[in-house]
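Worksheet: one structure, shown below.
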Amino acid sequence: MAAFDYIIVGGGAAGCVLANRLSEDPTTRVCLVEAGSDRNARKAIVRIPLAMVTFMAPALAFLGGPKLMSWFETEPEPGLQGRSMALPRGKGTGGSTNVNGQIFIRGQREDFDHWRDLGNPGWGYDDLLPYFRKLERFEILAQPGSAKHIRFGDRLLESQIDPAYHGTSGPLNIAPLRSVNPMAEVFLEAAQQAGHPLNADFNGARQNGAGLYTFTQKGGERVTAEGAYLDPVRHRPNLTVMSEAEVTRVMFDGRKATGIAFRRGGQQGTLDAREVILSAGSFVSPHLLMLSGIGNARDLTRHGIPVIADLPGVGENLQDHIDVTIEYHAKSIAPYGISWRALPRNIGHVLNWIFKKRGLFSSTTGEGGGFICTDPASDRPDIQLFFCTGRANTQAASGFTGHGFLLHVCQLRPGSIGRLALRSGDPAEKPSILYNFFRGDSTMEVLRKGIRLARKITAQAPFAPHLDAEIDPGPDIESDGALDAFIRERVGTLFHPVGTCAMGRGERAVIDPATMRVHGVEGLRVVDASIMPSIVSANTVAATYCLAEKAADLIRATDKGQTTT
């Protein structure tokens with residue numbers, strides 16, 4: 001008999017959901033295998049929301065951020081004049097939920113209905129809404145009064161939330177800002193004057209408009225997948241967590257997966273299981289499939305890997321959001337920053353965090369934003385804005401000193417389709433990644449329009465007492481050609497890779513949407529963001545939690561011989 005019923009490879013959002021849900025049955029033996037460290041949820045650098053701005057700052061590596069990061073890199077991108085982009089991912093139980101910006105946005109109805117229409121029955125918006133509600137404890141509704149400090153427009157924020165779209169008893173706490181920087185309110189006023197409506201709930205009936213984000217936080221601290229889903233069930237005797245173990249391949253007997261091979265502490269080992277589930281993310285899950293003999297047969301043979309299943313879609317269909325940042329210098333000290341004038345206030349922020357878990361340290365600085373349409377004939381947003389109430393930010397941080405603010409312009413559906421491929425058959429060698437930005441159907445037009453719409457917001461009167469100057473790209477960068485050059489030089493991803501093991505039933509599909517099994521083999525599934533057939537129009541973590549919740553039900557149902565869609 002196999003040692004486990006399920007081995008789950010990867011302890012990020014999807015892996016933690018599956019470990020929790022599949023181990024609910026005390027007769028089911030579950031092992032969660034993670035390459036990084038365990039018990040990260042209570043580490044200070046993880047708990048403090050503001051600490052996320054330090055993870056990619058080399059000068060602050062002593063705080064411990066790099067230990068929670070794994071780095072990938074694109075090939076030189078032809079559409080970016082040969083520039084490569086760094087691609088960080090979270091490492092350790094909790095995965096990227098340890099290091100992300102904590103913004104919780106589901107996406108648009110059209111995103112999920114598109115999944116359904118691509119050949120994935122049961123994956124439309126109406127099918128998934130119950131799972132979005134199941135996973136969340138929406139604090140504004142679950143804890144009346146928790147948002148009494150936030151007025152939105154002329155009313156309290158909590159009075160503008162429709163409970164039909166939210167859950168109140170799920171594992172994942174979704175909270176409003178503990179403290180709202182005055183600059184976030186300036187942004188909202190300016191956005192209205194620029195013609196954008198206010199939206200109290202981006203996860204409600206509509207996504208359009210400007211508003212304040214909600215976050216995976218509780219009591220002013222970050223909530224990770226480990227803290228929400230794994231820590232509460234660690235006591236279960238049928239659940240094993242094995243950390244610091246790097247999986248090198250899935251083992252097979254013929255076309256039936258039988259377990260995994262791994263490296264741990266310099267030693268090689270194997271584990272047997274009735275089923276293996278890859279939840280290692282959009283870079284590692286397809287890489288492991290290829291190393292295990294599942295992928296494009298020609299490429300596998302070229303690298304000396306015996307072919308188990310010829311699935312050419314493995315590693316294809318790579319998608320991500322693309323983003324540029326407009327940076328502004330402030331003449332007021334309202335934005336967060338370090339200066340002599342702000343010293344008394346910053347001392348207050350330290351005390352406010354220690355005693356109340358409020359203030360600067362409970363913020364990621366990305367407090368407000370919006371979803372806007374660059375096409376006047378459409379009411380479906382294609383741009384997401386992130387307004388950051390300080391200059392220190394993960395994607396673009398010119399420094400922590402001085403005062404300024406950032407406005408991110410993110411293209412939600414870029415149209416570029418990339419790929420992930422083997423460099424060799426050595427598991428230690430990271431895969432080759434190419435996004436193909438600004439090639440094929442991917443152009444700069446939407447980002448260019450988005451920059452102009454963002455500038456229109458900061459040109460409104462509410463910003464006048466605070467805005468000194470636009471310092472990047474600068475006010476002289478106005479023409480189409482100049483903006484295109486700026487975009488090519490500065491554009492990056494929002495670190496939302498999806499699609500490399502897309503579910504569906506076509507010839508390029510990798511995963512069966514009814515069972516989560518890999519086509520053409522037995523005993524092997526994939527459940528993480530890599531199965532999304534197309535990217536959602538929002539930060540991807542919410543959709544990842546949701547798909548894992550649904551996948552857990554599908555796995556349990558199909559393994560009991562039930563039929564489900």
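You will find that of D375, D323, D299, the residue that is without any contact (Cβ under 8 Å) to a residue 12 or more places away in the chain and acidic (D, E) is D375 and no other.
Please specify each residue of region 290-324 satisfying the condition of being charged (D, E, K, R) and within 18 Å of L434 (Cα to Cα). D299, E316, D320, D323, listed by residue number.
Is region 9-22 home to any residue that is assigned by TED's automatic domain parsing to the domain that holds G65 and either modelled with pLDDT under 95 or assigned to a strand (DSSP E or B) (or both)?
Yes: one or more hits.
Each residue in region 414-431 was checked for being more than 21 Å from the chain's Cα centre (by Cα) and closer than 21 Å to L87 by Cα, and 8 of them qualify.
Residue check, G259 against (1) at negative phi; (2) in a strand (DSSP E or B); (3) out of contact with any Gly (no Cβ under 7 Å at 6 or more places or on another chain), all met but one. Which one? Every listed condition holds for G259 apart from (1). In the condition set (1) surrounded by 21 or more Cβ atoms within 10 Å (Cβ to Cβ); (2) at positive phi, C31 is compliant with all but (2). Checking every residue in region 281-291 against the condition of being surrounded by fewer than 19 Cβ atoms within 10 Å (Cβ to Cβ), of a type in the set (A, V, I, L, M), in contact (Cβ under 8 Å) with a residue 60 or more places away in the chain and not in a strand (DSSP E or B) gives zero matches. In region 358-393, of all residues being of a type in the set (D, E, K, R) and modelled with pLDDT of 90 or more, the one that is surrounded by the most Cβ atoms within 10 Å (Cβ to Cβ) corresponds to E367. A single entry from D113, D126 fulfils the requirement of being part of a helix (DSSP H, G or I), surrounded by 15 or more Cβ atoms within 10 Å (Cβ to Cβ) and not basic (K, R): D113. Filtering N238, N208 for residues that are touching a residue at least 12 places away in the same chain (Cβ under 8 Å), assigned by TED's automatic domain parsing to the domain that holds Q267 and either within 27 Å of G348 (Cβ to Cβ) or not small (G, A, S) (or both) leaves a single hit, N238. The single condition from (1) surrounded by fewer than 19 Cβ atoms within 10 Å (Cβ to Cβ); (2) among the aromatic types (F, W, Y); (3) assigned to a loop (DSSP other than H, G, I, E, B) that Y336 fails is (1).
The values are calculated or read from the model by the stated rules, or taken from the named source; none is laboratory data. Predicted, not measured: the structure shown is a model, and the values here were computed from it. For neighbour counting, all protein chains shown are included, and Cβ atoms are generated from backbone atoms with ideal geometry for every residue, glycine included.
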